[in-house]
1. Criterion first (over 28 Å from Q28 (Cβ atoms), assigned to a helix (DSSP H, G or I) and either of a type outside the set (D, E) or modelled with pLDDT of 95 or more (or both)) does L209 satisfy it?
2. Part of a loop (DSSP other than H, G, I, E, B), aliphatic (A, V, I, L, M) and touching a Gly at 6+ places or on another chain (Cβ under 8 Å) - does that describe any residue in the range 225-248?
3. Going by what's in this entry, would E176 be described as surrounded by 17 or more Cβ atoms within 10 Å (Cβ to Cβ) and touching a Ser or Thr at 6+ places or on another chain (Cβ under 7 Å)?
4. How about the range 189-227: which of its residues are under 13 Å from S111 (Cβ atoms) and under 16 Å from the mean Cα position of the chain (by Cα)?
5. Considering the range 234-253 alone, what residues qualify as being modelled with pLDDT of 95 or more and touching a Lys or Arg at 6+ places or on another chain (Cβ under 9 Å)?
6. Tally up the residues in the range 179-214 that are in contact (Cβ under 8 Å) with a residue 60 or more places away in the chain, surrounded by fewer than 24 Cβ atoms within 10 Å (Cβ to Cβ) and in contact with a helix residue (DSSP H, G or I) (Cβ under 8 Å, 6 or more places away or on another chain), please.
7. Tell me, please, whether a residue that is part of a helix (DSSP H, G or I), at pLDDT 95 or above and of a type in the set (S, T, N, Q) can be found in the range 194-204.
8. Only residues in the range 51-80 that are touching a residue at least 60 places away in the same chain (Cβ under 8 Å) count as the first member; pair them with residues that are crowded, with 24+ Cβ neighbours inside 10 Å and acidic (D, E), Cβ under 8 angstrom, at least 6 apart or cross-chain, and list the lot.
Amino acid sequence: MKIMIGKLAQGSTGPAPEIECWLPQQNQNGLGLLIFPGGGYGGHAEHEGPGYAEYFSQFGVACFVVRYRLSSKGFRYPAMLEDALAAVCTVRGAARELGVDPHKIGVMGSSAGGHLAAHTLVAWDRYEDPISLRPDFGVLCYPVITSTGEFCHKGSIENLLGPNPSPALLEEVSCEKHVTRNTPPCFMWHTTEDRGVPVENSMMFASALRKQGIPFELHVYAKGDHGLGLRAPFAWAQDCLRWMKEGQFVACG
């Protein structure tokens, strides 16, 4: 099943991306998870999109894989952020028909998709819409977070912003710098062996959340390279399910 993403009231022009839906056949628990696949903002990694959706939907979570616009198709920031926020709006607006609790809608992303999820968590209030654009929680898997310095994943940021972005634009997309007391709670995981996106990215975001008193759970594993997804030799997905079902995020914000 696919649904079209509605445009934000103040969003940019361009094609409306699709959301691919995985609705549980039984034991639906009201949780909704919008999934932004990784791929360096140049592609969509299938194992970090449909792969996640197939897994989590087995446990009663309604999953929505968002095919946001990409640099490889000629798009730059803020198109990707607007697609992510519009997807939150679309799913929340159709929550009843989709069997989702409108107060239990989260965003999930890996690598560059993790940057998009984190950016959605910290930038939801940059746009106005009659339906709240604020996710209720976030799940970040080995995310790109910072846009500058030695821990920046330069390929993702260049695809997002183009070559030679201004310091102001780099500041705008560096997620750890925009955490506030209204940022939703997060579940995060990373590995210390990640040679693609250093673990410091997750640690920076966790530190920013802690300073603002935002609940979070961070798992740092010793072994494993970048892009593991569900192939990881440890039980991050089970921990994530437990964290989501605990539902402490519902009362926050």
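The values are calculated or read from the model by the stated rules, or taken from the named source; none is laboratory data. Bear in mind that the values here come from a model prediction, so they are computed numbers and not experimental data. Positions of Cβ are backbone-derived with ideal geometry, glycine not excepted, and every protein chain shown enters the neighbour counts.
1. Numbers: over 28 Å from Q28 (Cβ atoms): yes; assigned to a helix (DSSP H, G or I): yes; either of a type outside the set (D, E) or modelled with pLDDT of 95 or more (or both): yes.
So L209 fits the description; yes.
2. Of the range 225-248, the ones part of a loop (DSSP other than H, G, I, E, B) are 225-228, 232-235, 247.
Restricting the remaining residues to those that are aliphatic (A, V, I, L, M) gives 228, 232, 235.
Now drop any that are not touching a Gly at 6+ places or on another chain (Cβ under 8 Å), which leaves 232.
Yes, the range 225-248 has at least one match.
3. Working: surrounded by 17 or more Cβ atoms within 10 Å (Cβ to Cβ): yes; touching a Ser or Thr at 6+ places or on another chain (Cβ under 7 Å): yes.
Here the answer is yes, as E176 does meet what is asked.
4. Within the range 189-227, W189, H190, V197, N201, S202, G227 meet the criteria.
5. Applying the first criterion (modelled with pLDDT of 95 or more) to the range 234-253 yields 234-244.
Answer for the range 234-253, where residues must be modelled with pLDDT of 95 or more and touching a Lys or Arg at 6+ places or on another chain (Cβ under 9 Å): F234, M244.
6. Total satisfying the criteria: 3.
7. Looking only at the range 194-204, we keep the residues that are part of a helix (DSSP H, G or I), and these are 200-204.
Of the ones still in play, those that are also at pLDDT 95 or above are 200-204.
Still in the list and also of a type in the set (S, T, N, Q): 201-202.
Scanning the range 194-204, I find at least one residue that is part of a helix (DSSP H, G or I), at pLDDT 95 or above and of a type in the set (S, T, N, Q), so the answer is yes.
8. Final answer for the pair search is V66/D83.
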